[in-house]
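To start, the structure itself, in structure tokens.
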Amino acid sequence: MNMKKKISVCLASAILSVSAISMQSQAQGLDLDQLLNLVKKGQAQDNKEHNARIKRFLADKKQQESLLLKEQAERNRLEQLSADKEAEFAANETQLAQQQERLTERLGSLKELFGVLQQVAGDSKGIFEASIISSQVPGREQFLADLIIKAGSSSELPSIAELEKLWFEMQREMTYSGKIARYKTDVVLPTGDTVAKDVVRVGSFNAISDGQYLVYDFEAKKLVELASQPGARYNGSAAELETATAGITGFWIDPSRGQLLKIKGQSATLSERIDQGGVVGYIILGLALVGILLACYRMLVLSAEAARIRKQMNTEEVQEDNVLGRVMSVYNKHKGTDVETLELHLAEAISAEIPKLTRGINWIKIISVVAPLLGLLGTVTGMIDVFETMSLFGTGDPKLMAGGISQALITTVLGLVAAIPCVFLHTMANNKSKELIFVLDERATGILARKAEALQGVKSMPEAA
């Protein structure tokens, strides 16, 4: 079939060549002899090119057959190598299984021991990573990590020295947790800078430096100074402990190893609480200050007046620098009148003195009533803000509602804080003024009684005569 195709191709090419020569001879005006010569030359040229192509094809065929034989030989070699490796792998697996079984038999109870060792080392590693003692004794975690890997490996066993070191590290952790130590280590400041500082460690609970509390960052493996300290109440004892050399010193211990200190540092101060009350809170505090100052002033005035009244009661000389003296001066001016007239004059004098004794006291009472109402006003406005925030942003983020809730609660507290002392001081000032008014009434009643007795004695003397 291939030969037929080749003959067809040759015939076609010959026909095309003859056609091309015929067209060329016609174009040039050649005769038949010249045309025959041209055909012979073209046929010879075609045979030459055809023979050259056949030679090249045969040469390429031999080269391809050589390459094929070479690749077949390589394939056979690789197949044999694969078979050998598979046999070797099967033999190694069998031997490995035998050796593993032999190792398991020889380990016996040691296998359980290494399992417990791995568990204990893992628990200890977790404790050491979060322990503040690691700032004084670094590098323990890496040893435990290596020991855990070795205890879980079937090709390498932990040594006795490593087991003893594990016991030593556990014992050292327990011993150091009950001691106060001083050492120098790197401390990360709130600014992000790392500075070498002298540190005082209190067991496994807290560490302080320069009177500031520190916490241990197990990721950075460094002590970090708290950005928000818990306050002077706690930092003062920390500074005392840091400078102490002997004796007993009080110190606040955080059993949560820094979490409570962070929460305490984040809690709002007194000024921040007052700021949360807003404008209403400042108005309440202003009223409270006015009420307290007014009450203190009235108490001082009434106490001074009471002292002058006691002095007047111990002498017969009338002194008009006190209310009792002024009432007695009215009596001296009108003691020649009858009892009814004298009573009216004394009542008039006492009525004129009462406003001086009760001046400003009602304002204290008003402030004690208005302050809780203002607190209620702040509560209402704060809750309005909360509901507006909820309507705009929903309830997904509580921080958005914190401002309104803080104002609602703080203004209520401020209103009560202002009202309670104002009520107390109003009661004291009111009672003090009532005591002085009672003294005036008592003295006026005594004067009238003596006056009536004197007039009654004068009337009875003529009858006896």
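Worth pointing out:
- Note on the range 195-225: residues that are of a type in the set (G, A, S) and part of a strand (DSSP E or B) total 3.
- Flag if D321 is under 22 Å from I437 (Cα atoms), of a type in the set (D, E, K, R), over 60 Å from the mean Cα position of the chain (by Cα) and open to solvent by 50 Å² or more (accessible area, probe 1.4 Å): yes
- Unique residue being under 60 Å from the mean Cα position of the chain (by Cα), surrounded by 13 or more Cβ atoms within 10 Å (Cβ to Cβ) and more than 20 Å from T412 (Cβ to Cβ) when the list is L342, L357, L376: L357
- Within the range 316-334, residues that are closer than 21 Å to V301 by Cβ reach partners that are among the polar types (S, T, N, Q) and outside any helix (DSSP H, G or I) with beta carbons closer than 8 Å, at six or more positions or on different chains, in the pairs G325/Q319.
Conditions tested, residue by residue: (1) modelled with pLDDT under 85; (2) touching an Asp or Glu at 6+ places or on another chain (Cβ under 8 Å); (3) surrounded by 12 or more Cβ atoms within 10 Å (Cβ to Cβ); (4) not in a helix (DSSP H, G or I).
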residue	(1), (2), (3), (4)
K85	no, no, no, no
R106	yes, no, no, no
F114	yes, no, yes, no
L117	yes, no, yes, no
G126	no, no, yes, no
S134	no, yes, yes, no
Q142	no, no, no, no
I148	no, no, yes, no
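This table checks each residue for (1) over 30 Å from R257 (Cα atoms); (2) of a type in the set (S, T, N, Q); (3) more than 34 Å from the chain's Cα centre (by Cα).
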position	(1), (2), (3)
E112	yes, no, yes
Q119	no, yes, no
E129	no, no, no
Q136	no, yes, no
K179	no, no, no
V188	no, no, no
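- Scanning the range 216-252 for residues that are surrounded by 12 or more Cβ atoms within 10 Å (Cβ to Cβ) and β-branched (V, I, T) turns up V224, T249.
- The range 436-464 - residue that is small (G, A, S), at pLDDT below 75 and over 16 Å from D338 (Cβ atoms) and, of those, surrounded by the fewest Cβ atoms within 10 Å (Cβ to Cβ): A464
- Residue satisfying all of: in the range 159-211; under 22 Å from Q229 (Cβ atoms) and polar (S, T, N, Q); surrounded by the fewest Cβ atoms within 10 Å (Cβ to Cβ) among these: T191
The values are calculated or read from the model by the stated rules, or taken from the named source; none is laboratory data. This one's a predicted model, so the numbers in the text were calculated from it and none came from an experiment. Reconstructed Cβ throughout: ideal geometry from the backbone, glycine too, with neighbour counts over all protein chains shown. Accessible surface areas use protein heavy atoms only, side chains included; no ligands, DNA or RNA. Shrake-Rupley method; radii C 1.70, N 1.55, O 1.52, S 1.80 Å.
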